[in-house]
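Quick notes on the structure that follows.
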Amino acid sequence: MVEVGRSRPDRNVNERMPREIWVLVGSSFLIAIGYGIVAPTLPVFVRSFDVGITAASLVISVFALVRLLFAPVSGRLVSRLGEVPTFTIGLSVVALSTGACAFAASYWQLLVLRGLGGIGSTMFTVSALSLLIRLSPPHMRGRASGMWATGFLLGNVIGPLVGGVLGAVSLRAPFLVYAAVLVVVVCISLALLRGRDGTGPEQTAATEPPARFRDALAHPAYRAALAASFANGWVVFGVRVALVPLFVVEALGRPEAWGGVALAVFAVGNAATLVLAGRFADRRGRRPPVLAGLAISAAATSVLGYLTDPALFLAISLLAGMGSGLVNPPTNAAVADVIGSRARGGTVLAGFQMVADLGAIVGPIAAGALAEVAGFGAAFALSGAMALVALGFWLRAPETLPSAPGPRAAEESLAECSESECPSRRRPIP
């Protein structure tokens, strides 16, 4: 699975990215805008059905829960149907279910429709990652991952601004707009990505059997990537969204708007390092930016709950965002290196996504319970410890950059593995 033994690629940073990668980046941007359009309106819309806060929260949580449960199925669909069909079917499911939300007549209808949206969401997420791996040259994977993540980030920043305006007009309008955006993405993807997932007659012979999760799990770099993905889900998608707004209001005594400011500052720090981390990972290796990012994220997150000065809190939030941005692209690139560009990695990517969703679900619950008992400081410190655990895994992981120089190159890491530790050694390495 790991791509080793090839001639050292030309790592010209000015080399043009393949057109298909730009299509994926643009799609991620539009999808994130649509998701952001719905996000600020959804809780208010649910409450319009005369249900309590817990019931309203369930509609939001069911989306993430279904994503987690359906991820293994999505991985198998990618392996059997191909990336582009799974991608377009998944987006179509989300478009139909989201458009139907605008016409929901009861709370339970809305709950079921959001669950269906979660199924489609995990289908296009896993397939998009697989496409990104297969279509980006090995020496440009870090940059491609950085661009893809930046597209999502920018879309999530712009989307809520648009959604707030639409929500003021009608609580149902954001769902229709999101559905329309997804229809546009499906049409563009079918036109520009058709036949680019390795299913064509000229490509089939060069395609390896699908990568297996158990083989990937035997590689220490993949285990490190899983640890980083879980920590990222816990800290970034879970605890930060759940606890930062509460901490700003209850501990710092600031208006609720300051919670949004703190999250926006984190996003700015994240955007500032995503593309840079991807470029560095392609030129110098995956491990250096991941190690630096996890160390920064662990330190910054651990101290957030003990700060009393709002300005310092924003500064540390910016630093934490920069640390998170350093981790994402190289981690995705390392997973891509383990899978290789000629094998479909649906189940491997599904596992990678699942641990992030699991962290996003477990993190707020565990940290929230700890905050009630021991305070915000302990809750954020626990979250920082998750990043430290991931850092420990990465300290033991080999470098996976194809033809990477140095004693930690992937060639030597595989040579050092026994067959019981690295089952993938039993098959020829391309």
* **Which numbered condition Ile188 fails, given (1) over 26 Å from Val73 (Cβ atoms); (2) open to solvent by 40 Å² or more (accessible area, probe 1.4 Å); (3) at pLDDT 80 or above** => (1)
* Hey, could you check region 191-211 for residues that are open to solvent by 10 Å² or more (accessible area, probe 1.4 Å), under 30 Å from Phe29 (Cα atoms) and not small (Gly, Ala, Ser) and say which is modelled with the highest pLDDT? => Leu192
* Asked: In this structure, does Val59 turn out to be over 18 Å from the mean Cα position of the chain (by Cα), surrounded by fewer than 17 Cβ atoms within 10 Å (Cβ to Cβ) and β-branched (Val, Ile, Thr)?
  -> no
* Mind checking which pairs have a first residue in region 350-379 that is charged (D, E, K, R) and a second that is in a helix (DSSP H, G or I), Cβ under 6 Å, 6 or more apart or different chains? -> Asp357/Ala64; Asp357/Arg67; Asp357/Leu68
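Based on what the data block shows, is Arg396 of a type outside the set (Gly, Ala, Ser), at pLDDT 90 or above and either open to solvent by 20 Å² or more (accessible area, probe 1.4 Å) or more than 24 Å from Pro72 (Cβ to Cβ) (or both)?
When the stated conditions are applied, Arg396 passes them.
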* Which ranges mark the helices (runs of 4 or more DSSP H) fully within region 45-164 that have 3 or more residues being of a type outside the set (Val, Ile, Thr) and touching a Leu at 6+ places or on another chain (Cβ under 6 Å)? -> 83-101, 107-135
* Quick check: is even one residue across region 35-53 among the aromatic types (Phe, Trp, Tyr), under 22 Å from the mean Cα position of the chain (by Cα) and at pLDDT 80 or above? -> no
* Asked: Restricting the first residue to region 237-258 and requiring it to be assigned to a loop (DSSP other than H, G, I, E, B), which pairs with a second residue that is of a type in the set (Val, Ile, Thr) meet a Cβ separation below 7 Å and a spacing of at least six or different chains?
  -> Arg254/Val248; Glu256/Val249
* Structure fact -> Output for Cβ contacts, cut-off 9 Å, separation at least six or different chains, first residue over 11 Å from Pro43 (Cα atoms) in region 54-75, second modelled with pLDDT of 80 or more and among the acidic types (Asp, Glu), reads Ala64/Asp357; Leu65/Asp357; Arg67/Asp357; Leu68/Asp357; Ala71/Asp357
* Looking only at region 92-135, count how many residues are without any contact (Cβ under 8 Å) to a residue 60 or more places away in the chain, open to solvent by less than 10 Å² (accessible area, probe 1.4 Å) and farther than 18 Å from Val73 by Cβ. => 1
* **Evaluation of Ile296 against (1) closer than 18 Å to Pro330 by Cα; (2) free of Cβ contacts under 8 Å to residues at least 60 places away in the same chain; (3) among the hydrophobic types (A, V, I, L, M, F, W, C); (4) surrounded by fewer than 19 Cβ atoms within 10 Å (Cβ to Cβ) (one fails), failing number** => (4)
* Mind checking which pairs have a first residue in region 17-41 that is farther than 15 Å from Val186 by Cα and free of Cβ contacts under 8 Å to residues at least 24 places away in the same chain and a second that is assigned to a helix (DSSP H, G or I) and open to solvent by 20 Å² or more (accessible area, probe 1.4 Å), Cβ under 6 Å, 6 or more apart or different chains? -> none
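The values are calculated or read from the model by the stated rules, or taken from the named source; none is laboratory data. No experiment lies behind these values; they were computed from the predicted model shown. Ideal geometry is used to build each Cβ from the backbone, glycine not excepted, and the neighbour counts take in all protein chains shown. Accessible surface is based on the protein model in full, side chains and every heavy atom, while ligands, DNA and RNA are left aside. Shrake-Rupley method; radii C 1.70, N 1.55, O 1.52, S 1.80 Å.
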